[in-house]
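J.: One structure is given below, represented as structure tokens, and several questions about it will come after.
Bear in mind these aren't lab numbers, they're just calculated from the coordinates by the rules spelled out. All values reported here derive from a predicted model rather than from experimental measurement. Neighbour counts are summed over all protein chains in view; Cβ atoms, including those assigned to glycine, are modelled from backbone coordinates with ideal geometry.
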Amino acid sequence: MSQTLTFYPLGNAETCLLELGNGAKLLFDYAAMYDGSTTDTRYDIKKELSTIKEFDVVMFSHAHDDHTHGASEFFYLDHAKAYQSESRAKIKELWVSAAFLLDTDLENQSDAKIIRAEARHRLKNKYGIKVFAEPDSLEKWLTDHEIDYDDVSDLIIHAGQVINLPDSLNEEMQVFVHAPFSDDSEDIQDKNDPSLVLQVRLFNNERETNLLITGDTPYQVLDKIVDISQANSNESFLAWDIYDIPHHCSYTGLNEKGEKAVRIITPTDNVQWLLEQATTNAHMVASCLKITEETSPPHMCAKRAYEKYTSPDVKFLATMEHIPFSGGKPTPIKFVIDSFGVTLKQDRMQEVYFKKSPLEQGSNRRKKWITHVKLLLLQIS
């Protein structure tokens, strides 16, 4: 048995598809950014995913357009006939944060607003949804809509909880919830703050493979996650083989940048500890544009930090930099996960990335970097 995990090149936007060995499919965010022009190098995920008639889980990490764009045109939504046709993909279970469900600051007719309406419909009718975090405002919303809390309590998920999955998923995976926190889900100033943060653990015989999904989570929330995990002896739930780099490789997933331009961001102590939880030959994936000194995000100073504060065997990948050796448009980053671990599947690819000298590992006493340019000539087996 094996699973497949695919990150799509969508510019500064994110969609990630997990396909289990039994055929179950989980989608983490949906952002159909391709505009149809011949000059647009972003991937056409609406076309790519159109053969899937039903997703077992669709998760929206938060309510920003770069994680929801086009969702109202792609999914079959139960709350209104306008979004119902046989060509649309159905959703068995929808995962959203309480902050998303309660958000009153969404543009009229935006995809996020329509997904919010679907989430509210499902919660009112007590089916096909999981709501993450339980702020006081959620209880008030339930009361205002004459919904008995006891009738929906099993649909509300808290940080620090392992999700109760159906048997079709439970045989191959486990999901531990790190965030959002209920006390961070009130009076939201930034929609990134209550992003869903999950550890997805995949099982293949005796081998476990861990994926950390982070949305656009800022470093302050990551700091809190590490503190709480360590205090509760839950460090194993922060181990990772694949790290979904937060916020399109923005420095906000590492630390404050400060007013002065810097070559490299120094992560907070907790974020640095989190990066050190990588397993051997792990991968980091940034769903972002090609990284330059001018892009913002992604930030080159953040990319350098991710490479510096992980061991030399950990590989950094950016979705819009994943280009065939022969040139052309970026292609999806696809991992096959089985009893041997994680394999990056690709045709002949060209990638430039930076790695530390082994002498720099650990102590960081030496500041000198060695640049390795590698041509990866891996054939799909």
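J.: Roughly what would the spin-label model give for Asn170 and Lys257, points 7 Å off Cα along C-beta, in nm?
T.: 4.6 nm
J.: Can you tell me which of 273-286, 207-220 comes out highest on packing, and rank the rest after it, using the mean Cβ neighbours within 10 Å?
T.: Working: 273-286: 20.0, 207-220: 22.3.
With the highest mean Cβ count within 10 Å placed first, the list reads 207-220, 273-286.
J.: Positive end of the dipole of the chain, charges at C-beta (+1 Lys, Arg; -1 Asp, Glu), about the Cα centre: which of Asn234, Pro332, Thr104 has its Cα farthest in that direction?
T.: Pro332
J.: What are the equivalent ellipsoid semi-axes of the stretch 1-117, built from the alpha-carbon gyration tensor (square roots of five times its eigenvalues), in whole angstrom, biggest first? Provide the component values of the computation, followed by the final result.
T.: Values: eigenvalues 87, 66, 43 Å².
Taking √(5λ) for each Cα gyration eigenvalue gives 21, 18, 15 Å.
J.: Amide H to amide H under 5 Å from Trp95: which residues, 5+ apart in sequence or cross-chain, H placed 1.01 Å off N in plane?
T.: Hits under the 5 Å cutoff: Val58, Met59, Phe60, Lys130.
J.: Which length gain, in nm to one decimal place, applies between Ile52 and Asn281 when the Cα-Cα distance is subtracted from 0.36 nm times their residue separation?
T.: On the way: separation 229, 0.36 × 229 = 82.44 nm, distance 3.14 nm.
This chain segment gains 79.3 nm when fully extended.
J.: Follow-up question, since we're still on this one. Given R₀ = 22 Å, what would the calculated FRET efficiency be for Ser137 paired with Ile228, taking r from the Cβ atoms and rounding to 0.05?
T.: 0.50
J.: For Asn108 and Lys81 in one chain, what is 0.36 nm times their gap in residues minus the Cα-Cα distance, to one decimal in nm?
T.: 7.9 nm
J.: I've got another one for you. Over the stretch 1-56, what portion of Cα pair distances is larger than 17 Å, expressed as a whole percent?
T.: Within the stretch 1-56, distances greater than 17 Å cover 39 percent of Cα pairs.
J.: Is the shape of the stretch 150-274 best called rounded, prolate or oblate, per the rule: a/c under 1.5 gives rounded, else a/b larger than b/c gives prolate, else oblate, with a ≥ b ≥ c the square roots of the Cα gyration tensor eigenvalues?
T.: oblate
J.: Could you tally the net charge around Thr6, taking each other residue with its Cβ under 10 Å from the Cβ of Thr6, Lys/Arg +1 and Asp/Glu -1?
T.: 0
J.: Over its Cα atoms, what ratio of radius of gyration to 2.2 N^0.38 Å does the stretch 3-376 give?
T.: 0.96
J.: Okay, next question. Considering only Ala24, Ala63, Ala239, give the residue with the highest GNM mean-square fluctuation for the chain, with springs between Cα atoms whenever their separation is below 10 Å.
T.: Ala24
J.: Between 0 and 90 degrees, rounded to the nearest ten: what's the tilt of helix 219-231 against the longest Cα principal axis of the chain?
T.: 80 degrees
J.: On to the next question. So if I place +1 on the C-beta of Lys and Arg and -1 on the C-beta of Asp and Glu, and nothing else carries charge, what would the dipole magnitude of the chain be about its Cα centre? I want it in debye, nearest 20. If you can, show how the numbers build up before the last one.
T.: Details: 40 positive and 59 negative charges, 397 e Å.
It works out to roughly 1900 debye.
J.: Expressed as a rounded percentage, what relative contact order does the chain have, with Cα pairs under 8 Å and six or more residues apart?
T.: Over the chain, the number comes to 14 percent.
J.: Once you sort the root eigenvalues of the Cα gyration tensor of the stretch 140-216 as a ≥ b ≥ c, which label holds: rounded (a/c under 1.5), prolate (a/b larger than b/c) or oblate (the other case)?
T.: Because a/c hits 1.5 or more and a/b fails to exceed b/c, the stretch 140-216 counts as oblate.
J.: Hey, another quick one. With both partners inside the stretch 174-326, how many of the DSSP beta bridges are antiparallel, as a percent to the nearest 5?
T.: 55 percent
J.: Using just the helices of the chain, give the 222 nm mean residue ellipticity in deg cm²/dmol: DSSP H runs with n ≥ 4 each add -39,500 (n - 2.57), and the total is spread over all residues, rounded to 500.
T.: One gets -5000 deg cm²/dmol as the mean residue ellipticity at 222 nm.
J.: Determine the gain in length on full extension of the stretch Glu293-Ser37; use 0.36 nm per residue of separation and subtract their C-alpha separation, reporting nm with one decimal.
T.: 89.5 nm
J.: Here's a follow-up. Modelled label-to-label distance, Thr266 and Thr343, 7 Å Cα→beta-carbon offset: nm?
T.: Computed distance between label sites Thr266 and Thr343 equals 4.3 nm.
J.: With point charges of +1 on the Cβ of Lys and Arg and -1 on the Cβ of Asp and Glu, referenced to the Cα centre of the stretch 3-376, which listed residue (Val175, Thr4, His158) lies farthest in the positive direction of the dipole?
T.: The one lying farthest along the dipole's positive direction is Thr4.
J.: Shifting gears a bit: Jot down the radius of gyration and Dmax of the stretch 59-196, Cα atoms only, both in angstrom.
T.: 14.6, 41
J.: Report the calculated FRET efficiency for Glu186 and Glu73 (r = Cβ-Cβ distance, R0 = 30 Å), to the nearest 0.05.
T.: So, using R0 = 30 Å, E works out to roughly 0.40.
J.: Here's something else I'd like to know. Which percent, nearest 5, of DSSP beta bridges in the stretch 1-117 are antiparallel?
T.: 45 percent
J.: Over the chain, what is the percentage of antiparallel beta bridges among all DSSP beta bridges, to the nearest 5?
T.: 60 percent
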